[in-house]
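The values are calculated or read from the model by the stated rules, or taken from the named source; none is laboratory data. Please read these numbers as outputs of a predicted model, since none were measured by experiment. Because the Cβ atoms are built from the backbone with ideal geometry, glycine has one as well, and the counts that use them run over all protein chains shown.
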Amino acid sequence: MPVFEYQCSVCNTKFEVLHKSSVKQDEVSCPDCDSKKITKLFSTFSPSVHSHSHESPCSQGNCNIPSGSCCGGGECSLN
């Protein structure tokens, strides 16, 4: 199940909820003030890697980016 981020329009609290994609926004309420006046926030996708076999060449020091460049900054496109 995905994690969705919301922000309450009443108390301005940001919170996360783990639920199915089919859950309607009006079924979610703020954990602090119980308001249903919430906004779904856009968040980035972050896969988790649990095995060394899935590491990019850059994370293993095998990136062909010239020294001084930052492979972790997204320049090498292998991250």
Residue selected from the stretch 22-44 under the condition modelled with pLDDT under 90 and not in a loop (DSSP other than H, G, I, E, B), by the criterion surrounded by the most Cβ atoms within 10 Å (Cβ to Cβ): GLN25
Test: residue in the stretch 69-79 that is surrounded by 10 or more Cβ atoms within 10 Å (Cβ to Cβ), modelled with pLDDT of 90 or more, in contact with a Cys (Cβ under 6 Å, 6 or more places away or on another chain) and part of a loop (DSSP other than H, G, I, E, B): no
